[in-house]
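Remarks on the structure that follows.
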Amino acid sequence: MTLNFTQRPIFPAHTSEDNMVSQLRTVNGEKGGHEEVHDRFGYRREIVDKGEKDKNKDIVDLLPSDPFGMDIDISTTFTAITGWLGDLELEYGDHMRNKVVNHKEDYRLFAGFNFFWNNAMKFQSFPTNLMYHDQHNKGFDRVSESVGTNCGESVNEFAVCPDVIGGDPHDAFVLALSYLGTKDLLMVERVCRSLCYTIRNDSLLWRNLYVDQPLNERITDDILVRLTNRAEGNLRFLSLIKCPKITDDGLRRVLETNPKLTKLFIPGCTRLSIEGILNNLKAFNSSTETAGIKHIRTGGFYGITLDHYEQLNNLLGVQNNKHIPNYYHRANLHAPCDDDRALDVEICPRCQNLRLVYDCPAGGCRPKDQCRACIICIPRCAECGRCVHNSEYEETFSLEYLCSDCLKQLPRCQEPHG
Amino acid sequence: MAEFNETDQTPTVDPKTPNLGDSTTSSQPKPEQITTIDVAVPIPDVGPQLQVVVEEFILKSGSDDEEVRTAATNELRDFIEHEEIGITTLLVVVKYAHEVKNVDLLDAFCERVADLIKDKKVVEVREIFGIVNDFTPGEEQALRYEHPWAFED
């Protein structure tokens, strides 16, 4: 079935389901293949043929409500997706037609789905109840924005800042810059001269540097030093999550020029060695200019010995052993907890190895101070952090444990047991 | 210009505008006063609905009770998320929040603006915010080579 691209209004970013569907209606033109969709998934759906007035409800009725038995209101989701795909067809229509063999409407939708899924790049978040991972979420509005650009008009209020005189950024724009991540700051540098100047020269914007996905894999020592130099010696917090290219030498250079650094997060930086860290810390903390690093997150180092641990404690000035409970959560694996602890590794009470040690949040657990150990000694629920020994649990497809309570709260992906 | 300091627990009253609701006598918001608030720095024209929301938020954010403040912040963020607020309006409120030094208000709206910038391309940001590209082609080219590593896609 060929697409019938009628002239249509720009797809607004925020819109009700019906509006989104109406875009799709126009794009897909005449509906000849309803009946095929009807039984495609073996779901009985009522085809409500309401005629012209209610055209925009047809596609919603035709799509299966819950094809994967996930027990959620997927009609909203699919409506959103179909609307999105309709828009993408405007942009990628030719490509799609070449790709897809089966011209049945529903197949095209889902083949297109795969196509765009695989090619999704940077998109902004879509303001509806989509259950997809954030990265994919970002596909939707990007499309609507680009459609706006392509069609050369911007009915969407979002796409235009009409009161800006002279094409300079609004005064308040720079206030929002401090809420941007590293990658976005570097992007905004390229927008115009004044922003470029502001971003390069405002050391406050670079006082805390967080390097995470996707820049973490690309950042090298030289780049790191250049970025940290923008803080003009005022860098306070440096967070390098899984940066495999950063070496001990790079870290040394950063420390040399940033005496005010107090927090250093380096989990997953595989080229950093524990000896290198210790040497850098010794040099840094012994300098009179520095207050010294007070908080460090290593994410656990292989080969860290008791001796290293004691040296670290000395360097960090750990005096009291005030115990701050630390709970396990899958998010902590990627971004360490920013609490007041000086060091994240501890001696595991059970195996005596130096690892990240977790407490048990569950109320009904044996005395809490006994339920403290590394994740290898006591496996824990990835969601709530409770130990899974004495309670019902399940190992999920992603090889993490979930206790029965957390399992219940997940959207159901399979038939309920019994 | 008279400034209304919002970050105090009990908001100080500018003597030039005595009718600041009832916040001088008690820091708890009184619902019947909300619609008659006069603030020292008037909220700019942002549309009636948003104006009410912002006024209410400013009032609640001056409360002593942390729960009230947290609830107000969550409400505000929900509102921002679900309502279509235009870019200009967002930026106007950001500027206002900065002037009256209301940190929570500033955070909420700045984060929204930041969300609009995140993960976009340069041309998109220009389009959305109405910013004109004033680089020469040579300068643009040079910039492109400045941080190529950050834009490999």
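The values are calculated or read from the model by the stated rules, or taken from the named source; none is laboratory data. Please read these numbers as outputs of a predicted model, since none were measured by experiment. Neighbour counts are summed over all protein chains in view; Cβ atoms, including those assigned to glycine, are modelled from backbone coordinates with ideal geometry.
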(Q) Suppose we filter A:ASP171, A:ASP249 for residues that are modelled with pLDDT under 90 and in contact with a helix residue (DSSP H, G or I) (Cβ under 8 Å, 6 or more places away or on another chain); which single one remains? (A) A:ASP171
Q. Given the conditions (1) within 21 Å of the chain's Cα centre (by Cα); (2) surrounded by fewer than 19 Cβ atoms within 10 Å (Cβ to Cβ), which single one is not true for B:VAL132?
A. (1)
Q. So B:ARG112 fits all but one of (1) closer than 14 Å to A:LEU180 by Cα; (2) assigned to a helix (DSSP H, G or I); (3) within 8 Å of chain A (Cβ to nearest Cβ); what number is the exception?
A. (3)
**Q.** Residues of the range A:356-394 satisfying the condition of being surrounded by fewer than 13 Cβ atoms within 10 Å (Cβ to Cβ) and modelled with pLDDT of 85 or more
**A.** A:ILE376
Q) Can you name the number of the only condition in (1) among the acidic types (Asp, Glu); (2) assigned to a helix (DSSP H, G or I); (3) at the interface with chain A (Cβ under 7 Å from one of its Cβ atoms) that B:GLU67 fails? A) (3)
Q | Residue satisfying condition, being within 27 Å of A:ASP307 (Cα to Cα), away from chain B (no Cβ under 13 Å) and assigned to a strand (DSSP E or B), within set A:LEU272, A:LEU261, A:LEU251, A:LEU238 | A | A:LEU238
Q. On the given criteria, is A:ASP202 in contact (Cβ under 8 Å) with a residue 60 or more places away in the chain and out of contact with any Lys or Arg (no Cβ under 6 Å at 6 or more places or on another chain)?
A. no
Q) When A:ALA176 is evaluated against the numbered criteria (1) closer than 28 Å to B:THR89 by Cα; (2) out of contact with any helix residue (DSSP H, G or I) (no Cβ under 6 Å at 6 or more places or on another chain); (3) modelled with pLDDT of 90 or more, which criterion, by number, is the only one it fails? A) (2)
Q. In the range A:190-218, what residues are at the interface with another protein chain (Cβ under 8 Å from one of its Cβ atoms), buried (at least 20 other Cβ atoms within 10 Å of the Cβ) and in contact with a helix residue (DSSP H, G or I) (Cβ under 7 Å, 6 or more places away or on another chain)?
A. A:ARG190, A:VAL191, A:LEU195, A:LEU215
Q. If B:ASP119 satisfies every condition in (1) in a helix (DSSP H, G or I); (2) without any contact (Cβ under 8 Å) to a residue 40 or more places away in the chain; (3) not hydrophobic (A, V, I, L, M, F, W, C) but one, which is the exception?
A. (1)
Q: Could you please give the count of residues in the range B:74-91 that are in a helix (DSSP H, G or I) and more than 7 Å from every other protein chain (Cβ to nearest Cβ)?
A: 10
(Q) Looking only at the range A:285-338, how many residues end up being in a helix (DSSP H, G or I), touching a residue at least 12 places away in the same chain (Cβ under 8 Å) and farther than 22 Å from A:ILE274 by Cβ? (A) 1
Q | the range A:219-236, residues that are free of Cβ contacts under 8 Å to residues at least 40 places away in the same chain and either of a type in the set (A, V, I, L, M) or buried (at least 17 other Cβ atoms within 10 Å of the Cβ) (or both) | A | A:ILE219, A:ASP221, A:ILE223, A:LEU224, A:VAL225, A:THR228, A:ARG230, A:ALA231, A:LEU235
Q: Please find, among A:LYS245, A:LYS183, A:LYS260, the residue that is loosely packed, with under 15 Cβ neighbours inside 10 Å and of a type in the set (Lys, Arg).
A: A:LYS260
